[in-house]
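Notes follow once the structure below has been shown.
The values are calculated or read from the model by the stated rules, or taken from the named source; none is laboratory data. Quantities reported herein were computed from a predicted structural model and do not represent experimental measurements. Glycine also receives a Cβ, built like all others from the backbone with ideal geometry; neighbour counts cover every protein chain displayed. For the accessible areas, the whole protein counts, side chains as well, though only heavy atoms, and no ligand, DNA or RNA atoms are used. Shrake-Rupley method; radii C 1.70, N 1.55, O 1.52, S 1.80 Å.
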Amino acid sequence: MPFLQHALDSQLESLALGQVVPALLDRGFFYVDHFLGDIAGHMVLGQVKRMHYCGLLNDGQLARRSNGVCRSIRGDQITWVNGTERGSEAVNFLLTLIDKLISLCEGQLGKSIRARSKAMVACYPGNGAGYVKHVDNPNADGRCVTCIYYLNKNWNAKEHGGLLRIFPEGKSYVADIEPLFDRLLLFWSDRRNPHEVQPSYATRYAITVWYFDSEERAEAKRKFRDLTANSQEGSSP
């Protein structure tokens, strides 16, 4: 086991320093295929499917009003997990590896990353639902790196749609990422990477986590506390 663990750590370090860090600093995004391998990937997929079939996923739908018309922003179904729940052992293994990968990158990215969100398990049900163009962190809430792990076997983007399209800030191109099984995508969460999920015509699964810049996160929490305190003072009789 120590030898296997050392080999895994060495592979993650090579991936982090040799590929992830240079790509994030240069292009702002990066993806790697065969992240877990077929066996572990299938175990994660099985656990996500069970969550879906057991009715644990709820509508993540948001809407906004434009010219008096209420427009749907997203059509996925989601649940939040931390990996310690019964039946989520493979998901926990995935999160542990992503945590380790990010910790290896952290010192080279100019960020102080000490925490992340829970994992968002998401399913687009295949009825043409997507997620309109948006920025994960437009208002400095602390999220700095978005990581998405895809779980879709035999995905054909021409037939199934479901591309994640990134619009890198200041660039003349877009980046189309297919949600392929065992693919891990990483990108900056802020305004450098507006993105959308194009309409999906087959069931599309993904797991997303966000890593926090500790300084920005602390400042966001301070502003929220101040805002809440001022609001309470303003409402006092």
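Could you say whether any residue in the range 176-189 is assigned to a strand (DSSP E or B) and among the small types (Gly, Ala, Ser)? Scanning the range 176-189, I find no residue that is assigned to a strand (DSSP E or B) and among the small types (Gly, Ala, Ser), so the answer is no. Checked against the criterion of being at pLDDT 95 or above, polar (S, T, N, Q), in a strand (DSSP E or B) and closer than 22 Å to Phe212 by Cβ, the candidates Thr96, Thr79 yield just one match: Thr79.
Residues are listed down the side, and each one gets a yes or a no for (1) touching a Gly at 6+ places or on another chain (Cβ under 9 Å); (2) over 20 Å from Trp188 (Cα atoms):
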residue: Gln11; (1), (2): no, yes
residue: Gly18; (1), (2): no, no
residue: Leu25; (1), (2): yes, no
residue: Tyr31; (1), (2): no, no
residue: Gly37; (1), (2): no, yes
residue: Ala40; (1), (2): no, yes
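Among the numbered conditions (1) at negative phi; (2) touching a Gly at 6+ places or on another chain (Cβ under 9 Å); (3) open to solvent by less than 50 Å² (accessible area, probe 1.4 Å), the only one that Asn92 does not meet is (3). Criterion applied to Pro199, Pro179 was being in contact with a strand residue (DSSP E or B) (Cβ under 7 Å, 6 or more places away or on another chain), closer than 25 Å to Gly28 by Cβ and open to solvent by less than 20 Å² (accessible area, probe 1.4 Å), and the one residue passing it is Pro179.
The set of residues in the range 158-203 that are of a type in the set (S, T, N, Q) and within 26 Å of Gly110 (Cβ to Cβ) comprises Ser172, Ser189, Asn193.
Return yes when Leu151 is crowded, with 17+ Cβ neighbours inside 10 Å and either within 30 Å of His52 (Cβ to Cβ) or among the hydrophobic types (A, V, I, L, M, F, W, C) (or both) and no when it is not. Let's see the steps before the verdict.
Values: crowded, with 17+ Cβ neighbours inside 10 Å: yes; either within 30 Å of His52 (Cβ to Cβ) or among the hydrophobic types (A, V, I, L, M, F, W, C) (or both): yes.
Taking the combined requirement at face value, the residue satisfies it.
Thr228 falls short on exactly one of the conditions (1) open to solvent by less than 60 Å² (accessible area, probe 1.4 Å); (2) at pLDDT 95 or above, and that condition is (2).
Cβ separations smaller than 7 Å between residues 6+ apart or across chains give the following pairs from the range 35-59 residues that are of a type in the set (S, T, N, Q) to residues that are in a helix (DSSP H, G or I): Gln47/Ala90; Gln47/Val91.
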